[in-house]
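Since every read-out is calculated from the coordinates, none of them should be taken as a lab result. Everything numeric in this text was worked out from a predicted model, so none of it was measured. Backbone-built Cβ (ideal geometry, glycine too); neighbour counts: all protein chains shown.
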Amino acid sequence: MMEDKFQIVGIQNPNEDAPNQVDIGRQEGVRPIFPRVVPIQKPRRHRDKPILAIVLLLTIVTGCLACEMIMTKDPAYMDLKNYNLPPNGEFLFGTDSMGRDVFSMIWYGGRVSLFIGVLSTLASTAIAVVFGAASGIAPGWLDELLMRLTEILLSVPSLLLVVLIQAILGEANVFSISLVIGVTSWTSIAKVVRTEVRGLRESEYVIASKCMGGGFFHILWHHLAPNFVSSIMFMVVMNVRGAIVAESTLSFMGIGLPLHVISWGSMLSLSEKALLTNSWWMILIPGIFLVVTLLSITSLGNFLQKSINAKQSNL
Amino acid sequence: MKIQSRIRSRCHYYGRKVLLFLFSVFLLSIVVFYVSRLAPGDPLVSYYGDRVEKMSSEERGRAEERLGLSAPIFVQYVRWLDNAFHGDFGISYKYKMDVVEVIRGRLGNTLILGGIGFFLIFVFSLLLGVLCAWHEGRWIDRVICRVGTIMSCIPEFWLSLVLILLFAVELRVLPSSGAYSIGGDKDLVDRAWHLVLPMTVVVAGHLWYYAYMVRNKMVEEARRDYVLLAKAKGLSKRAMIFRHCLRNVLPSFLSIMAISVPHVLGGTYIVETVFSYPGIGTLSYESARYKDYNLLMLLCLLSGILVILCNIVAQVVNERIDPRMKAEVVWETSRDAARVNGGSESAGENEDAEEGGGEV
C-alpha cells in the first residue's frame, strides 16, 4: 500500500512512471523540512541536454574556423583614420585603439584561443596519463616520491610557475604558450589516473598482458586507458576551459601572446588604454565571447559527467 | 606510563609531519633553484646590474669566480642554501635592494587583501551554503546556484576590468588602482576605500565554489538517518542545521579551505596586477617581466612553503578530527577537491532539477 504511493530515498520503486505520486509532506499539509521523501518524476533523458550551450559553442567554433568568410575587414590591418570608434554600421563591434576592426578580430582571434585550449589540454592529458599510470604501476616508494613531486608542483601557484617557465622559453608564441599551460595543469588528472590504475593493476587481464610481454605503453593504451577514460573525461573538458582562461589571463597581463598575435586575451590586453578612453566595447565584447564560450564548455562538461555517471549507475 | 606513551606517540606524529614539511620544502627549493638557473639572462647582471657591461673579460672571470658561478650547479646550490640560512637571498636587480627587504615592504598589503578575502570567503560560503541547503530546491537556492555557475566562468581579470569600467570610469565612485591615495597611506578609510573593488573580485571569484561545496555536503547530510531522528524528537530546523548537520560538514570544509589557499593566493596575484595594488602579486609580475630572478625565486619559494604548510595543516586537521583518515585518504581528499571543483555544479544542478521537478 505504501510503496505505490511514496518513494523513500534508497528504496527501489518499481512504478517509476506512475502518474499519481504524492509527496508525503504535501499530503498531510506539512511542508517537508528536509525532503526525506523525494517526489518521483519521469526519467529525463533528453531534457537536460544543454541545447543552448551546444548551439552557442557550435556557432562560435564554426564562426572561428570559417572566419575568412565572416570577417568584414583584415583583422591585422591598422586603419589609422578610424581608431577607437564605437560600434557602428561599418565596424560592427567598433575599432580598437590601434584601428583594427574588433568584429574581425573576434573571429580570427577566437581561433587562436580555442586552438590553445585544445592543444594544451592534449599536452596536459598526455603528461597526466603517462605520469599517473607510471606512478600507479610503480612500486610503493617510487609512487610515493612521484606523488610528492606532483604535490610540490601543485604547491607553487600555477600562475607563478607559468610565468617562470615562460620567462625561460622567451618570447611566447601559440605553441610555446600551449606547452607551458599544459605542463602546469596536468597534476589533478594525474592523481585520478594514478588512483584508477592502482585499482586496476592487479586485475587478471593486466597481469596476463604483462606475462605475454606487453610493454608499458601497450598495457596503458589497450588495457588501462579504456577503464579510466570515463573518469577523467570531465576533468579533460574542464581543462580546456582552464587553458582558455589561462591563455587570456596571461596575454592580458602581457606575459602571454604578444599584441600582434590576435587572441581574445591579447585583445583584452589593450584594455588598460581602453579604460582611459572609456571605450567599453574593447573590454566588454571580447570578454562576453570568452565568458559565453567558457559557460558553454562548462555545461557541456557537466552534461558529459552526468551521462557518464548515469551509465555507470545503470550497470 | 600510559600518558607517557601517548605523549611519545604524539611527538612521533608531529615529528613526522615536521620532517615531511622540511623534506617537501627541500625538494621545492631544489626545483626552484634549478629552474631559475636554467633561465636565460646573465646571473652576473642580477648581482652587479648594468656595471657588467663595462667589465673586461678578466674582471668578469674574477667576478664569476668570486660568486661561485663557475662551480658545478649542485655546489652552487649548496652555497645558495648556506646563504639562505643566513638570510641572504641575493639582491633584486630592479630595486637594487636586498630581496628580503623588497618583499617585506609589500607583504603587509597582500596579507591584508588575501587574509581578509580568505576570511570573507570562509564566512560567506558557509552562510550561502547553509542558506541554499535551508531553502533547498526553492527559487533562492536555484538562483544562487545559477549565479554561481555563471560567476565561476568569468575570469577574474575580466571581472576586475568590468568593475573598474563601471565604478571607477563610468560612475567615478571608487578608485581604480593602488592601495591608497598619494600621501594617504596612514588614512585607514582611504585604504579601505581602495580595497573595496579588489576585495570584491577576490571574494566573488572564489566564493561560489566553496558555497557550492557546503551546500552539497549539507544537502547530503540532511538525508542521513540522524536528521530524521532529530526531526522525530521535535527539534527545530535551526537546531538540526546548525547543531547537527553543520557540525558534520565543518571538518571536510576546513580541510578543503586549507587546500584552497593556493587558489585564493593565485587569484590575489591576478587581481593585484589589474588594480596595480602594491603587493606580492604585482611584485612577482614585475619580477617576471624584468627578469629579476632572485626576487622571483624567493617569491615562488615563499608561496610554495605557505601552500605546503597549509596542506599539512589540512592533513593534521583531518586526522585529528577523524582518526580513520590515514595518509592515503588525504590524497583522496585532494583528488575529490579537484573533482568537486568542476563537478560541484553538475551535482547541484542535478539535485536542483530533481527537487524543482517535485515542486511543479
Using just the Cα positions, wrap the range A:254-294 in a convex hull and report its mean projected area in square nanometres, one decimal place.
2.9 nm²
May I ask for the net charge around A:H260, where only other residues with Cβ less than 14 Å from the Cβ of A:H260 are counted and Lys, Arg are +1 while Asp, Glu are -1?
-2
Phi-derived 3J(HN,Hα) across the range B:278-283 with the Karplus relation (6.51, -1.76, 1.60, θ = phi - 60°), rounded Hz, x for Gly and Pro, is x, x, 5, x, 4, 4
Taking H as built 1.01 Å from N, whose amide H comes closer than 5 Å to the amide H of A:L92, not counting residues under 5 places away?
A:F103
Phi-derived 3J(HN,Hα) across the range A:230-238 with the Karplus relation (6.51, -1.76, 1.60, θ = phi - 60°), rounded Hz, x for Gly and Pro, is 6, 7, 9, 3, 4, 5, 5, 4, 5
For the range B:102-109, in residue order, the Karplus 3J(HN,Hα) values (coefficients 6.51, -1.76, 1.60; θ = phi - 60°; whole Hz; Gly and Pro = x) are 4, 5, 4, x, 9, 4, x, 4
The answer for B:M97, listing residues at least 5 apart or on another chain whose modeled amide H is closer than 5 Å to its amide H, is B:S92
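Output the direction-averaged projected area (hull surface divided by four) of the convex hull of the alpha-carbon atoms of the range B:112-214, in nm². All intermediate terms of the calculation are to be shown ahead of the outcome.
Details: hull surface 28.8 nm².
Computing the convex hull of the Cα atoms and averaging its projections yields 7.2 nm².
Shape verdict for the range A:159-237, please, from the Cα gyration tensor: rounded (a/c under 1.5), prolate (a/b greater than b/c) or oblate.
Details: a/c = 3.29, a/b = 2.39, b/c = 1.38.
Prolate shape, in that a/c is at least 1.5 and a/b is the bigger ratio.
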Rounded to 0.05, the calculated FRET efficiency for the beta carbons of B:R320 and A:A66 at R₀ = 51 Å is 0.30
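Relative to the compact globular guide of 2.2 N^0.38 Å, what is the alpha carbon radius of gyration of the range B:99-327, as a ratio? Mind dumping the intermediate values first?
On the way: Rg = 20.4 Å, N = 229, 2.2 N^0.38 = 17.3 Å.
Here the answer is 1.18, to two decimals.
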Less than 14 Å Cβ to Cβ from A:L290, Lys/Arg counted +1 and Asp/Glu -1: what total charge do the surrounding residues give?
0
May I ask for the distance between the Cα centers of the range B:201-243 and the range A:65-91, given as a whole number of Å?
52 Å
In whole Å, how far is the Cα centre of the range A:106-180 from that of the range A:247-273?
20 Å
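In the neighborhood of A:S113, defined by Cβ-to-Cβ distances under 13 Å, what is the net charge if each Lys or Arg adds +1 and each Asp or Glu adds -1?
On the way: positive: A:R111, A:R241; negative: A:E247.
So the environment of A:S113 carries a net charge of +1.
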Separation between Cα centres of the range B:265-314 and the range B:103-140, rounded to whole Å:
20 Å
